[in-house]
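Shown next, in structure tokens, is the structure this report addresses.
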Amino acid sequence: MLKKLHGTTPTLRFATGRDFTVLTGVKPLKKLTKVIKKHGGRNAYGRVTVRGQGGQSKRLYRDIDFKRNNHAIPGKVVSIEYDPNRTSFIALVNFANGDKRYILAPEGMVVGDSVISDLKAPLKPGNTMPLASMPIGTSVHNVELQPGAGGKMGRAAGTTITLMAKEGGKAHLRLPSGEVRLVGELCLATVGVLSNIEWKNMNFGKAGRKRNMGIRPTVRGVAQDPGSHPHGGGEGRSGIGMPSPKTPWGKPALGYRTRSKKKYSDKVILKRRGAK
């Protein structure tokens, strides 16, 4: 759910924020957190490799259990918490063996719910099992690409991946982009749609909220000088001055396919996103 902020300035007049009433309101577990070192989009040589990053508020990283390898051990949800490093909420789970772990919280999960990772787990949000054990049409998230490697797909707020079919030891998954991909049936996946579904509809209202997230302003190419961008230069306001737009490095920007024709994952993609 989103809430309307009581803005008294033009920047905040239409801003919205997350509704934290569903959260428990406790501090993160200290042993499952660590300090993140800021990099500002720079690599080990100090060169900018990702533009538009920098600043951001100080934050602690929550160690999330993407592998869900506490097999056949039941756990109980003790808190639903906010994670500044991701868009979905997270849940702290106490397992029967005394272990405590953070997991991605699916929509509808509340304190007191039980979760388990097993070969034949009940089909309820938060439970993890191999794709081979799930019926066709199940909505899942945190899906592994290789058995035991941990969930790689479907980890953002409101994300859901649909199990379309199972054939020859492979599961057919429809991703949020529309792509249909083959994944081994022994790969683990978690049942349910991830929480905080309304996040994509949030209006940040002012630039300062983006700066707190570590996102710096983006300068238009036509506003730069010709040495910094192919669109730059000219007297006064001017267009891009070329048949098609280009990236800052001179490559075609729209409609130009950069995917390798010998990509290793081509054999597991049944339908490309955007295909008709």
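Taking the residues in the stretch 80-97 that are in a loop (DSSP other than H, G, I, E, B) and touching a Lys or Arg at 6+ places or on another chain (Cβ under 6 Å) as candidates, determine which candidate is farthest from P28 (Cα to Cα).
Taking the stretch 80-97 as the starting set, the residues that turn out to be in a loop (DSSP other than H, G, I, E, B) are 82-89, 96-97.
Those left that are additionally touching a Lys or Arg at 6+ places or on another chain (Cβ under 6 Å): 83-84.
Working: D83: 9, P84: 11 Å.
It comes out as P84.
Does R59 meet the test of being open to solvent by 50 Å² or more (accessible area, probe 1.4 Å), of a type in the set (K, R) and modelled with pLDDT of 95 or more?
no
Residue check: R155 meets all listed conditions (1) under 15 Å from the mean Cα position of the chain (by Cα); (2) crowded, with 20+ Cβ neighbours inside 10 Å; (3) not in a strand (DSSP E or B); (4) not hydroxyl-bearing (S, T, Y) but one, namely (2). The sole residue among R51, R101 that is under 20 Å from the mean Cα position of the chain (by Cα) and open to solvent by 80 Å² or more (accessible area, probe 1.4 Å) is R51. With respect to R273, is the statement that it is out of contact with any helix residue (DSSP H, G or I) (no Cβ under 8 Å at 6 or more places or on another chain), assigned to a loop (DSSP other than H, G, I, E, B) and in contact (Cβ under 8 Å) with a residue 12 or more places away in the chain true? Yes, satisfied.
Any residue that is out of contact with any strand residue (DSSP E or B) (no Cβ under 8 Å at 6 or more places or on another chain), open to solvent by 60 Å² or more (accessible area, probe 1.4 Å), of a type in the set (S, T, N, Q) and closer than 18 Å to L104 by Cα - is there at least one of those in the stretch 20-30? Walk me through it before giving the result.
Taking the stretch 20-30 as the starting set, the residues that turn out to be out of contact with any strand residue (DSSP E or B) (no Cβ under 8 Å at 6 or more places or on another chain) are 20-21, 25, 27, 30.
Narrowing the set further to residues that are open to solvent by 60 Å² or more (accessible area, probe 1.4 Å) leaves 20-21, 25, 27, 30.
Applying the additional criterion that residues be of a type in the set (S, T, N, Q) yields 21.
Right, trim to closer than 18 Å to L104 by Cα and you get 21.
Scanning the stretch 20-30 turns up at least one residue that is out of contact with any strand residue (DSSP E or B) (no Cβ under 8 Å at 6 or more places or on another chain), open to solvent by 60 Å² or more (accessible area, probe 1.4 Å), of a type in the set (S, T, N, Q) and closer than 18 Å to L104 by Cα.
Cβ separations smaller than 6 Å between residues 6+ apart or across chains give the following pairs from the stretch 89-101 residues that are basic (K, R) to residues that are surrounded by 14 or more Cβ atoms within 10 Å (Cβ to Cβ) and part of a strand (DSSP E or B): K100/N94; R101/V93. Among the residues of the stretch 108-124, the one identified as in contact with a Pro (Cβ under 8 Å, 6 or more places away or on another chain), at pLDDT below 95 and under 18 Å from K67 (Cα atoms) is L119.
Among the residues of the stretch 104-118, the one identified as of a type in the set (G, A, S), open to solvent by 40 Å² or more (accessible area, probe 1.4 Å) and either closer than 20 Å to R155 by Cα or without any contact (Cβ under 8 Å) to a residue 24 or more places away in the chain (or both) is G108. Within the stretch 200-254, the set of residues being touching a residue at least 60 places away in the same chain (Cβ under 8 Å) and at positive phi comprises G205, G214.
So which residues in the stretch 140-152 are open to solvent by 30 Å² or more (accessible area, probe 1.4 Å) and in a loop (DSSP other than H, G, I, E, B)? Lay out the reasoning, then the answer.
First pass over the stretch 140-152, keeping only residues open to solvent by 30 Å² or more (accessible area, probe 1.4 Å): 145-149, 152.
L145, Q146, P147, G148, A149, listed by residue number.
Restricting attention to the stretch 62-79, which residues are more than 13 Å from L104 (Cα to Cα), assigned to a loop (DSSP other than H, G, I, E, B) and either open to solvent by 20 Å² or more (accessible area, probe 1.4 Å) or in contact with a His (Cβ under 6 Å, 6 or more places away or on another chain) (or both)? Those that are more than 13 Å from L104 (Cα to Cα), assigned to a loop (DSSP other than H, G, I, E, B) and either open to solvent by 20 Å² or more (accessible area, probe 1.4 Å) or in contact with a His (Cβ under 6 Å, 6 or more places away or on another chain) (or both): N69, A72, I73, P74.
The values are calculated or read from the model by the stated rules, or taken from the named source; none is laboratory data. The structure presented is a predicted model; accordingly, all values stated were derived computationally and were not measured. When we count neighbours, we look across all protein chains shown, and the Cβ atoms used for this are built from the backbone with ideal geometry, even at glycine. Heavy atoms of the whole protein, side chains included, go into the accessibility calculation; ligands, DNA and RNA do not. Shrake-Rupley method; radii C 1.70, N 1.55, O 1.52, S 1.80 Å.
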